[in-house]
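What follows is one structure encoded as structure tokens, with my remarks underneath.
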Amino acid sequence: MTIDEFKNEVMIHQDKLFRFALGIVKDKAVAQDVVQEVFIKIWETMDSYSHVTNWGAWSMRLVKNKSIDKLRSKHNRVSDIDMHYDLKDKTISPYKVTEGNDTMSWLEQLMENLPETQRMVMRLRDIEEFKYQEIADALEISLDQVKVNLFRARKKMKQLVLKNSEYEQK
């Protein structure tokens, strides 16, 4: 694999990989380290990856494993994250931006109540917009497990949102 192929096949997924790692490790610096370490590993051992056809799913799997390893090895405390996302309309008022950030932060907190697999599947499908098969490949689970976990995660999130909105109305 040449440098150009590496850039076009692997590095184009950098932002998604970072957001996914951040969702697991909850620390920007650690998430950046995870992605960088995965890129280095792929570059140094690229000859052994000749069987890879979907670099997005493959690198997502490596990021997932490396992120979990980081959490296990450091036993570090998790801190709150600032959710960053791209705004398509640059004319949105600062009030709307703040409101959107608050909503995303609130949804992130609700997602923490989900089991790990459901949380990762939901993040990959609904936030990162991965296809079902890509999620199955990245998380090393069957396509049916992806669908079941996504259904259960969405159902639980709906219950949590309704429960919290009812609480705030009282």
Exercise. In segment 16-29, is there at least one residue being touching an Asp or Glu at 6+ places or on another chain (Cβ under 7 Å) and of a type outside the set (Phe, Trp, Tyr)?
Worked result: yes
Problem set entry | Condition check for Asp126: among the acidic types (Asp, Glu), part of a helix (DSSP H, G or I) and either open to solvent by 70 Å² or more (accessible area, probe 1.4 Å) or touching a Ser or Thr at 6+ places or on another chain (Cβ under 6 Å) (or both) | no
Exercise. With respect to Ile92, is the statement that it is at pLDDT 55 or above, over 25 Å from Gly23 (Cα atoms) and surrounded by 10 or more Cβ atoms within 10 Å (Cβ to Cβ) true?
Worked result: yes
Problem set entry | From Met11, Met1, Met60, residue being closer than 21 Å to Asp126 by Cβ, among the aliphatic types (A, V, I, L, M) and either open to solvent by 70 Å² or more (accessible area, probe 1.4 Å) or modelled with pLDDT of 80 or more (or both) | Met60
Problem set entry | Residue in segment 151-164 that is surrounded by the fewest Cβ atoms within 10 Å (Cβ to Cβ), counting only those that are touching a helix residue (DSSP H, G or I) at 6+ places or on another chain (Cβ under 8 Å) and among the hydrophobic types (A, V, I, L, M, F, W, C) | Val161
Seminar exercise, completed: The one condition Val148 fails out of (1) among the aliphatic types (A, V, I, L, M); (2) at pLDDT 70 or above; (3) open to solvent by less than 60 Å² (accessible area, probe 1.4 Å) is (3)
Problem set entry | So Lys155, is it modelled with pLDDT of 90 or more and more than 15 Å from the chain's Cα centre (by Cα) | yes
For this session: For segment 129-140, state whether one or more residues are surrounded by fewer than 18 Cβ atoms within 10 Å (Cβ to Cβ), under 18 Å from Gly23 (Cα atoms) and at pLDDT below 85.
Result: yes
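The values are calculated or read from the model by the stated rules, or taken from the named source; none is laboratory data. Everything numeric in this text was worked out from a predicted model, so none of it was measured. Note that each Cβ is placed from the backbone with ideal geometry, even for glycine, and that neighbours are counted across all protein chains shown. Note: accessible area is taken over every heavy atom of the protein model, side chains too, but ligands, DNA and RNA are not part of it. Shrake-Rupley method; radii C 1.70, N 1.55, O 1.52, S 1.80 Å.
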